[in-house]
Structure formats: C-alpha cells, structure tokens
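Scroll down for the structure; my scribbles are underneath it.
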Amino acid sequence: MPIFFFILLFFSCVNDPNIVKEFVEQEKLPVEETEYAKIIVTDNGDLKVKASANSIKRYDNTQPALILEGDVEITFYDNSKVATSFLYSNYLEIDQENNMMVARDNVVLVSKNSDKLETEQLTFNEKKEKIFTKQKVIITTKKEVIQGEGFESNLDFSQYKLSMIHGVFDINVSSD
C-alpha cells in the first residue's frame, strides 16, 4: 500500500508545461525586482538623477522598462551637480526607449526655489525638455496659491504655464 500511495503522489505532482507557459505569459513578470533601493543616473560621469522607492521592477522587451512603487523620491540635478527639483509620488513608470517618465498618485514636484506643484499625474518628456499634465493642479509659491487645470513647465520647474486657472490666493499677510 505505501508504494502505491508514493506512485500516486509522484504522478499527481506533474506540471503541464503549457499551463506554466500560459501563466508566465499572462503575468509579464519583471526580470529584476528589488525592495528599498536607490538608482543613480549619470551622463558621462555627471550626476543627473537620484531615485529611490520601496519597490523597483525592471522589465525586458516592454515599455515602461522600469516601475517604481511606494514612497518614490526623485532628485534632478543640473550640469553643476546642483539639485534643481524634487519629485515625490506613490508610483512612477519610466519608458527608457522614449525618454518619458509618468508619475501618479499623490504627485508633488518641488523646485529649488521651494515652489510646489501638487497633482495626481505628471509626465516628464526628456526629449522635449517638458513636464506636463492635463489634470488639476495646485501650485504654491512664497506669495500665492494657484489652482488650475493643465500644466506645462521646463524640466527644473522654474518657468511654467497653466491652461485654466480656477483661483489665485495671496499668501501675504500684513501684521497691523
């Protein structure tokens, strides 16, 4: 009886290669995945970007090639290695083929002058050197808070325009 049970158990644990192949093709698994990691991007040895996230996944033969999730923090640098802006979000996709980056979920962009943009989605186009969104935005500067929809900026968030402004609020408070 024990031999029969062993033979039955042995033959019942066979994986069908077609089922395994179908599962793997449907899932689109990353080739690399790391937790609590940092990425440093350089251009000819010059620091350009530092990125960190709770999870970083890299995919082959697909775009986006990199997905960062959970407490995403990105620091952008100029040619003098000075931080020009900071990006925070919960999710980020990087399309390396097209030099595009899309941040989603609680996106905050802060310039070196402390101007702050808040939105739900923000796209970075490195080729056109533009940052943009069609979503609602809130921009907070030292002087005012601007609410609008549709935003476009240069990469360091030093010059920007809004498509539709819904409200501007002065922050200056006089002490009489």
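The values are calculated or read from the model by the stated rules, or taken from the named source; none is laboratory data. Bear in mind the structure is a predicted one, so any value in this text is a computation, not a measurement. Cβ sites come from the backbone with ideal geometry, for glycine too, and all protein chains shown count toward neighbours. For accessibility, only protein heavy atoms count, side chains too; no ligands or nucleic acids. Shrake-Rupley method; radii C 1.70, N 1.55, O 1.52, S 1.80 Å.
General remarks:
- Scanning segment 48-63 for residues that are assigned to a strand (DSSP E or B) and within 18 Å of Asn99 (Cβ to Cβ) gives Lys48, Val49, Lys50, Ala51, Arg58.
- For Val31: the one exception among (1) at pLDDT below 85; (2) out of contact with any Lys or Arg (no Cβ under 9 Å at 6 or more places or on another chain): (2)
- Across segment 40-58, the number of residues qualifying as out of contact with any Lys or Arg (no Cβ under 7 Å at 6 or more places or on another chain), surrounded by 14 or more Cβ atoms within 10 Å (Cβ to Cβ), of a type outside the set (Val, Ile, Thr) and within 14 Å of Asp78 (Cα to Cα) comes to 1.
- Selected residue [out of contact with any Phe, Trp or Tyr (no Cβ under 7 Å at 6 or more places or on another chain) and within 30 Å of Glu35 (Cβ to Cβ)] from Asn79, Asn154, Asn90, Asn113: Asn90
- Count of segment 123-133 residues which are touching a Ser or Thr at 6+ places or on another chain (Cβ under 8 Å) and farther than 15 Å from Phe76 by Cα: 2
- Given (1) in contact (Cβ under 8 Å) with a residue 40 or more places away in the chain; (2) crowded, with 17+ Cβ neighbours inside 10 Å, number of the condition Asp78 does not satisfy: (2)
- Flag for Thr119 being closer than 24 Å to Glu93 by Cα and not acidic (Asp, Glu): yes
- Listed here are the strands (runs of 3 or more DSSP E) enclosed by segment 91-176 that have at least 3 residues being out of contact with any Cys (no Cβ under 8 Å at 6 or more places or on another chain) and open to solvent by less than 40 Å² (accessible area, probe 1.4 Å): 100-111, 116-125, 130-140, 144-154.
- Condition met for Glu73 (open to solvent by 70 Å² or more (accessible area, probe 1.4 Å) and within 10 Å of the chain's Cα centre (by Cα)): yes
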